[in-house]
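K.L.:
Shown below is the structure under consideration.
The values are calculated or read from the model by the stated rules, or taken from the named source; none is laboratory data. A quick note: this is a predicted structure, and the numbers were derived from the prediction, not measured. Here the Cβ positions follow ideal geometry from the backbone for every residue, glycine too, while neighbour counts run over all protein chains shown. For accessibility, only protein heavy atoms count, side chains too; no ligands or nucleic acids. Shrake-Rupley method; radii C 1.70, N 1.55, O 1.52, S 1.80 Å.
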Amino acid sequence: MTKSANPYHGLPARSFWRTGVAAHKDRLIDEVYSAKFSISQSDNIATAGSCFAQHIARHMRASGFSVLDTEPAPKGLRGQQFGYNLYSARYGNIYHARQLRLLAEEAYGQFEPTGWVWQSDGAFYDAFRPTVEPQGLPSLDHIGRHRQHHLQKVRQLFSHMDVFVFTLGLTEAWLNQPQQYVVPTAPGVVASPENPDDFVFKNFRHAEIYADLQKFLEVVRAHNPAFKMILTVSPVPLVATAGPDHVLPATVYSKSVLRAAAGDLAADDPNVAYFPSYEIITGAQAGGRYFEPNLRSVTAEGVEHVMRHFFKAHPQPDAPARDGAGAVSTLAPDTSAEGEAEDDDVLCDEILNDAFLKPGGMRGRSDE
Amino acid sequence: MSRRYCLVGNSHLAAPKLAWEGVRAEYPAVRAQFYGATRKQLGELEVKNGAFGAHLRPTSKKVSRAVKRVSGGSDKLKPGSFDAVILFSLGFNFHQAEAIYRTHRTLDFNGSATAEHLVSADCFRAALRSLLEDSLAVKLVRQIRQISDVTIMLSLQPYPSEAILKDGWKGWTTLKAEGDVGLLQETYISAAADIAEAERFDVIYQPVDTLNSEGFTKQDFCENARRLDLAAGDVHPVKNYTHMNADYGERVLQQLFAADAP
């Protein structure tokens, strides 16, 4: 009887924990990420996702990649006010795959939401990006026309991007039951819907997230067949859970589901890659040192460590296009130079839920 | 009762400086000290507390020389020696509003439909306010306020000459064609008033009789506008639409002295 060959025999160092991980505690982890496709200097990159994606966008700009911005800030506007200079369009944080999918469907006229105009103190808010106008807008007409303008810019973005970098953030969401769309903040946090009972808590499952991402690809590919997508999972834990579990297992569940969905899609689709920022920050080799004392925010060192891995696989173009601010291609007249992000702060709508933490450490529901 | 003024400015100081030479006899109680240089040079002043008392002074010999040419001797600005310090333009101007309007408009503008980017009124105001707050005028106000509670007035830079439309400068002809000059000027004036209140200075608006019905400066006031540093030259080029002449300067001084009359 012939003895079968040991399947682990001859595998590269990356395949073994001792040589692939434990030996790299303080260094780049060799081959933790290999580029599935290259990104050239001329490729138009678009970014979106949860707040961790803001770091990725900023570093790519600073490194000379051509990062699109179809909604650049007006001259003079500082930092990230009014939702500018965060992503490639002014959609704010997109935490959920469902949110991304329906944004694309709405932009291409395949979905028409209702009940998305929320109100607070007489002002009107776009529930899909409630923090981009901190004081809201003065009328229904204003909010409708601003949304149409935004969708036009999103359409322009999705139709012209070559590489889309999307960071998955959450599985827990506030779902509009009649139309099955999700919003980034719970009703009542920034503003309130006309029919609050339409919105319910929903914890998305793997299959749903996978299907939403697939549908997003299908919708955009109908207009931009060649674009590629790089998926990442945010290493930032939940600020709060609205589910029955403790926030720690709720976080691990959420990240695990997102990680699995992203991995499966990358395995199934030749034009989708997975970049392991989540593993680089949260893996045992990091020993938790890339988190701030709140054990939630990722340190600047951690972000840089992640980006070094990314840039090792996707070498940076030779020189930033503009005064260190990076290349910002707008598809439109360039007007964004004044408003570059000033610091490492990231803006997270989700953090608003922390305001509902009751004194004494009791968990507050984010819809209270 | 005599009044002592320090008139501070960049190239736009030329109009009142030239005018002053012609009208000083009409204002025997007024003492005017001019303090000027290019905007870049005036950005290099520093606050000092020394034997001379609290004052602003140049940080380089080059700027010192430039200021002395305009002031006729001193390179120090000691706010406490005056009844009022009057700033002229110094980057605080309507062009900042027009620059935003070129690319970003609110729904309140007639030209919103042709705007490349639509923004809220809050956002437009915030952007404009940032630009104006970053001007040298506001920087100097803050420097003066570190050492003095003297009255500070800011004479706003004149609106461009009406000739800018005839010569087809695109941004401005668009603004005019869309019928948005008035609303943009209102927005600008409102931002100026807000900043003035926050930074504790008074705004001196452009004399009404120097404006045409469309809100641009009458071309008569732009003809033969002189440079501040007379040693360097002469008149501004014909297609310089932003600098005004001594006639304009005289109107401004009249308005200024009237506004500050005890």
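K.L.:
If I model a spin label at A:R205 and B:D134 as a point 7 Å from the Cα along the Cα→Cβ vector, what separation in nanometres do I get?
P.N.:
In this crude label model, A:R205 to B:D134 measures out at 5.2 nm.
K.L.:
Gain in length, A:N6 to A:S139, computed as 0.36 nm per residue apart minus the alpha-carbon separation, to one decimal in nm? Walk me through the numbers on the way to the answer.
P.N.:
Values: separation 133, 0.36 × 133 = 47.88 nm, distance 6.97 nm.
So the chain would gain 40.9 nm between A:N6 and A:S139.
K.L.:
At a 1.4 Å probe radius, carbon and sulfur cover how many percent of the accessible area of the protein assembly as shown?
P.N.:
Answer for the protein assembly as shown is 50 percent, counting heavy atoms of protein chains only.
K.L.:
Moving on. Interface size between chain B and chain A, please: total buried accessible area, 1.4 Å probe, rounded to the nearest 100 Å². Don't jump to the answer; show the numbers that get you there.
P.N.:
Details: alone 12130 and 16750 Å², together 27050 Å².
So the total buried area for this chain pair works out to about 1800 Å².
K.L.:
Please go through the residue pairs B:K48/B:K78; B:K40/B:K62; B:K48/B:K139; A:K75/B:K218; A:K75/B:K166 and name each one whose alpha carbons sit more than 18 Å apart in this structure.
P.N.:
Details: B:K48/B:K78 10 Å; B:K40/B:K62 12 Å; B:K48/B:K139 15 Å; A:K75/B:K218 28 Å; A:K75/B:K166 26 Å.
Violating the 18 Å limit, Cα to Cα: A:K75/B:K218; A:K75/B:K166.
K.L.:
Averaging over every viewing direction, what projected area does the convex hull of the Cα atoms of the protein assembly as shown cover, in nm²?
P.N.:
37.0
K.L.:
Still on this structure, I have one more. So what's the angle, to the nearest 10 degrees on a 0 to 90 scale, between helix B:121-133 and the longest Cα principal axis of chain B?
P.N.:
Value to nearest ten degrees: 30.
K.L.:
If DNA, RNA and ligands are ignored and the probe is 1.4 Å, what is the ranking of A:E31, A:E133, B:E178 by accessible area, most exposed first?
P.N.:
Largest accessible area first, the residues go A:E31, B:E178, A:E133.
K.L.:
Work out the mean other chain Cβ neighbour count within 10 Å for the residues of B:101-110 and drop it here as an integer.
P.N.:
4
K.L.:
Express in nm, to one decimal, how much length is gained between B:K61 and B:E223 on full extension, taking 0.36 nm for each residue of separation and deducting their alpha carbon distance. Walk me through the intermediate numbers first.
P.N.:
On the way: separation 162, 0.36 × 162 = 58.32 nm, distance 3.37 nm.
Extra length from B:K61 to B:E223 when fully extended: 55.0 nm.
K.L.:
Quick one: divide the alpha-carbon radius of gyration of chain B by 2.2 N^0.38 Å and tell me what you get.
P.N.:
Here the Cα radius of gyration is 1.02 times the empirical estimate.
K.L.:
Given R₀ = 41 Å, FRET efficiency for B:I189-A:N195 by Cβ-Cβ distance, to 0.05?
P.N.:
0.45
K.L.:
Relative to the longest principal axis of the C-alpha atoms of chain B, give the angle of the C-alpha long axis of helix B:246-259, reported between 0 and 90° and rounded to the nearest 10°.
P.N.:
Once rounded, one gets 80 degrees.
K.L.:
Across peptide A:68-79, what mean number of C-beta atoms from other chains lies inside 10 Å of a residue's C-beta?
P.N.:
6
K.L.:
Given a 1.4 angstrom probe, what's the average accessible area per residue across segment B:87-134, in square angstrom?
P.N.:
Heavy-atom SASA per residue in segment B:87-134 reads 27 Å².
K.L.:
Based on the alpha-carbon gyration tensor of segment A:52-134, what equivalent-ellipsoid semi-axes (square roots of 5 times the eigenvalues) come out, in whole Å, largest first?
P.N.:
Taking √(5λ) for each eigenvalue gives 24, 18, 11 Å, largest first.
K.L.:
Something else: Length gain on complete extension for the stretch A:V247 to A:A267, per 0.36 nm per residue less the alpha carbon to alpha carbon distance?
P.N.:
Extending this stretch completely gives an extra 4.2 nm.
K.L.:
How many partner chain Cβ atoms sit within 10 Å of a residue's Cβ in peptide B:92-99, on average, as a whole number?
P.N.:
1
K.L.:
Sequence gap at least 6, Cα distance under 8 Å: using those rules, report the relative contact order of chain B to the nearest whole percent.
P.N.:
Working: 464 pairs, mean separation 62.4, N = 262.
For chain B, the relative contact order is 24 percent.
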